[in-house]
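Structure record follows, encoded as structure tokens.
The values are calculated or read from the model by the stated rules, or taken from the named source; none is laboratory data. These figures come from a predicted structure and were not determined experimentally. Glycine also receives a Cβ, built like all others from the backbone with ideal geometry; neighbour counts cover every protein chain displayed. Side chains are part of the model used for accessible areas, which takes the heavy atoms of the whole protein and leaves out ligands, DNA and RNA. Shrake-Rupley method; radii C 1.70, N 1.55, O 1.52, S 1.80 Å.
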Amino acid sequence: IAWAWWPTSKDSLRVARDRLSKLVAHDLLVHARVITDKTPALDSPVASWKPGQQAPDFGQVAWVLHSRWPKEITEQSVYYASKSTARLFGGKAQGKLAHRSQASHDLGVSQMYLQLRQAQPEQLQYWIGEDMLAPHRRGQKLPDAILASAPSATPKLVLEFGGAYDKQRLINFHNDCFYRSLPYEIW
């Protein structure tokens, strides 16, 4: 948050903490300390595909996804939407984290969002996360996010945060996108 919103501030961490504390005080965010897997840095997609291209080497992609996770856990300070915020903006936040793997996954998806914000800010208006997408994806794989004009619209791009996915899970994801001619990125 500090580097994304206050990159030129001399004390971006303090500025971010102050702003986040105000949002917590107004019940718009929840602050928690969580024990989570140390999330890998995400600078670019591990794999991307568009209709007409050859499929990625799923064995290689699986290897990269597995090997980038350090074998350590860390305590992190996290902020997430409160129930009040979900009601205000139409989200589905429950105001809690279910388990450590959810925190690791959500931190990875957040990094994808922040990378998009930095590289292609004009695309943020099309970001639709999995909670908003779920009711429109019956019988289909549910990606972490899409870029589309609406949850029911055909995505311009499917975005997936790759945890420690195995080769078969990547093939299944690819096949779902392939059969519907949807370009994707796996981060």
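Ordering ALA148, LEU116, ALA86 by Cα displacement along the dipole of the chain toward the positive end leaves ALA86 in first place; charges were set at the Cβ atoms of Lys, Arg (+1) and Asp, Glu (-1). Radius of gyration (Cα atoms) of segment 104-187, expressed as a multiple of 2.2 N^0.38 Å: 1.03. Computed in the context of the full set of protein chains, the accessible area of the chain at 1.4 Å probe radius has 51% of its extent on carbon or sulfur.
Normalising the average separation of contacting C-alpha pairs (under 8 angstrom, six or more residues apart) by the number of residues puts the relative contact order of the chain at 25 percent. Placing one equal scatterer on every Cα of segment 35-187 and applying the Debye formula, the log10 ratio I(q)/I(0) at q = 0.11 Å⁻¹ is -0.44.
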